[in-house]
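The values are calculated or read from the model by the stated rules, or taken from the named source; none is laboratory data. Note that the coordinates shown come from a computational prediction; the quantities given were computed from them, not determined experimentally. Cβ placement follows ideal geometry from the backbone for every residue including glycine, while neighbour counts extend to all protein chains displayed. For the accessible areas, the whole protein counts, side chains as well, though only heavy atoms, and no ligand, DNA or RNA atoms are used. Shrake-Rupley method; radii C 1.70, N 1.55, O 1.52, S 1.80 Å.
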Amino acid sequence: LSSEGSTESGNWKIVGSESQVLVVSLPPGQEVLCAPGSMLHTHDGVEADAELGGCCDALQRAVCGGQDFFRGKYVNNAKETKSITLTCRYPGGKIIPIELDGSYQSTNGGGMVLKKGAWTASIGRSIEFGVRVANNLTGGC
């Protein structure tokens, strides 16, 4: 079982039915951001790093959103296309591709609500995390 797609930053393929993996083909200079612990395999020429995405954003993401403070960043520094294989951090987790091109609109005014630990990866730099307080919340961020 597989599902395929592409973005400006690279092609991707979801492989498997019970234990799924995400294989991302990165052209030279492109990158993928991922949750810590989700990288399964990568080729020579793909450089690994950790990033915050800005200290305030990292604090908001970690304290209020329950996500990780750091994110993995993998950049293809080779002259040819290389691949990286990512997996869910939880056994039996399913990978669901969502195009975040701005066309997604939820019923609550735009954006998307993710459960803690639901985000696995994004291709390229076009992802932002934010925390919004519910109107009936009496405490919290």
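Considering only the stretch 27-46, how many residues are free of Cβ contacts under 8 Å to residues at least 60 places away in the same chain and either assigned to a strand (DSSP E or B) or buried (at least 20 other Cβ atoms within 10 Å of the Cβ) (or both)?
5
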Quiz item: Of Gly102, Gly37, Gly93, which residue is modelled with pLDDT under 70 and small (Gly, Ala, Ser)?
Solution: Gly102
Self-check item: Boolean, Val75 is open to solvent by less than 30 Å² (accessible area, probe 1.4 Å), at pLDDT 90 or above and β-branched (Val, Ile, Thr)
Solution: yes
Exercise. Determine which single condition Ala58 fails, assuming it passes every other condition in (1) modelled with pLDDT under 70; (2) closer than 17 Å to Leu22 by Cα.
Key: (2)
